[in-house]
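In what follows, a single structure is set out as structure tokens and then discussed.
The values are calculated or read from the model by the stated rules, or taken from the named source; none is laboratory data. This one's a predicted model, so the numbers in the text were calculated from it and none came from an experiment. Cβ placement follows ideal geometry from the backbone for every residue including glycine, while neighbour counts extend to all protein chains displayed. Quick note on the areas: whole protein, heavy atoms, side chains included, nothing else; ligands and nucleic acids left out. Shrake-Rupley method; radii C 1.70, N 1.55, O 1.52, S 1.80 Å.
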Amino acid sequence: MMNPTMFDPISLESWNSDETSSQFLQSKLENYLQNYFPCFYSKPQRNLFQTFVRGLLSPLERKSIEPIALHFSGEKYVRPLQQFFSRSPFDERPLLETYQELLSTQINAPGGMLSVDDTSFVKKGRHSAGVKRQYCGRLGKTENCQSGVFLAYAGNHGYGLVDYQLYLPQEWFGESYAGLRKECHIPEELEFSTKNEIGLRLIRQAFQSGRFQAQWIGCDAAYGCDHTFLDSLGLLNEVWYFAATNSKEKVFLEFPEMIFPERKRGRPRKHPVLSHDPVSVQEFAQNPDYPWETIVPAEGSKGPIYAERKFIRCFSCRKDQNRNYVKPGDGVWLYLRKYSDGEIKYFTSNAPPDLPVQELDRAATLRWPIEQCFEECKSNLGMGHYECRSYQGWHRHMLFVMIAHLFTTQVRDILKKNRSH
């Protein structure tokens, strides 16, 4: 597992011990933020950007526009900071590309994983872009919320969020929402996309950029149960998916034959049938012929972390769209991980058959950091504290949070090096 400790560069105890350390950290932050200055058109824009990121990194309880402006600049800066999010004419794309370059320099490593996942933000009312009563993973129930799709990278040198997009439910593209689309400044050219389509687009954009050395693509069951999504990932050259799935997913433990059973009456069968049926991955988990193995996937703060796993090379199960029956697909790995509380996680992967199982163990570990990113950004960097309603405002807030999060990663590395000396 990655180090779960989140460092706040303002209140970090290790840097509060003396004034020299605090000044050094402030200097590092100023130098870091200067990388982004060329993306803005004016000095006032740069100052507002710098103020807001400092606010995200501060110990303020609420990290939204007004508290940050009041704390760092005073009441007269509240309105300019609000307009900076809603109207200020700068393009987020160069800012995101600069961020991705810096993130890549910091954490890029051979054999890394790009992971896609979505996370929700509870919101009151119905006037924020994309808000709807929908499933909220953080609460585990249906709630009025917004949902964003994110892409993260993880490897031997660390982890971080790579890209993002707000999900707009399909009804937001209907005539009844025309007024709200205009009010929330939804781009006119934007068309409806499912979360899985957005995720696939973010993955493709990351590979096209060439910034990240990714051997793996990870996703949770909402994406891993979508066979169209998985088969699209299979078209990416020399990249393997490691996808969570649910207990109902079916596989063929052995490749079935297509046979024509004899019929004593009636006309001969027009289509063949399978020699044996697929089994659910839950059945495989309960099958004593395939025992669990105990492994140590990571070292925790209190010592080794133990888990159990079982795996098998098998064949995916696909549905024939023309004749509406199941058929065997490509060869895949089925990988199961059981935790100390008895919970079982199911994964499939199109990695090659000769891949050592230790690489599957590693892939299972690399799937976790995107959740860690969400936890760190929501708990410490005000990821969900935004109060802007516009489509653009949401994206700018998320990008600034990601920029702040990368700085905490740099601080983490500094502290790690200091401890080693």
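The table below lists the values:
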| read-out | value |
| --- | --- |
| Simple label model, 7 Å out from Cα along Cβ direction - GLU387 to GLU188, nm | 3.2 |
| Extension gain (nm, one decimal) between PHE24 and VAL273, 0.36 nm per residue minus Cα-Cα | 82.5 nm |
| Mean residue ellipticity (222 nm) of the chain, computed from DSSP H runs ≥ 4 via -39,500 (n - 2.57), nearest 500 | -11500 deg cm²/dmol |
| Charged-residue dipole, Cβ positions (Lys, Arg, Asp, Glu), the chain about Cα centre, Debye nearest 20 | 1000 |
| Mean-position separation - Cα centroids, the stretch 34-75 and the stretch 211-254, in angstrom | 39 |
| Largest-first principal axis extents of the Cα set of the stretch 361-421 (Å) | 46, 30, 16 |
| Most to least packed among 221-230, 402-411, 287-296 [average Cβ atoms within 10 Å] | 402-411, 221-230, 287-296 |
| Relative contact order (%) - the stretch 50-99, alpha-carbon pairs under 8 angstrom, separation at least six | 26 |
| Kyte-Doolittle at least -1.0, axis length at least 18 Å by Cα - qualifying DSSP helices, the chain | 19-34, 43-57, 92-107, 195-209, 391-420 |
| Residues of the chain: accessible area per residue with a 1.4 Å probe, Å² | 51 |
| Whole-number percent relative contact order across the chain, with pairs defined as alpha carbons under 8 Å at least 6 apart | 19 |
| Contour minus Cα-Cα distance for THR142 and LEU236 (0.36 nm per residue) | 30.4 nm |
| Residue-level accessible surface for LYS63, protein heavy atoms, 1.4 Å, Å² | 10 |
| Amide H partners (placed H, <5 Å) of GLY160, local residues excluded | TYR153 |
| The chain, accessible surface, carbon-and-sulfur percent (1.4 angstrom probe) | 47 |
| The chain - Rg over Rh from alpha carbon coordinates, Kirkwood radius | 1.03 |
| Relative packing of peptides 242-249, 111-118 - highest average C-beta neighbours within 10 Å first | 111-118, 242-249 |
| 5 angstrom amide H check on PHE242, placed H, neighbours 5+ away | ILE217, GLY218, CYS219 |
| Heavy atoms of ARG54: accessible area, 1.4 Å probe, square angstrom to 10 | 70 |
| Local electrostatic count, ASN47, Cβ distance below 15 Å [Lys/Arg +1, Asp/Glu -1] | +4 |
| Sorted peptide list for 335-342, 95-102, criterion being average Cβ within 10 angstrom, highest first | 95-102, 335-342 |
| Surface/4 of the Cα convex hull for the stretch 195-307, nm² | 12.4 |
| Rounded, prolate or oblate (a/c below 1.5 giving rounded, otherwise prolate when a/b exceeds b/c) for the stretch 207-253 by Cα gyration tensor | prolate |
| Between the stretch 290-309 and the stretch 364-410, the Cα center-to-center distance that results, in Å | 30 |
| Alpha-carbon centroids, the stretch 98-123 and the stretch 136-176: separation in whole Å | 14 |
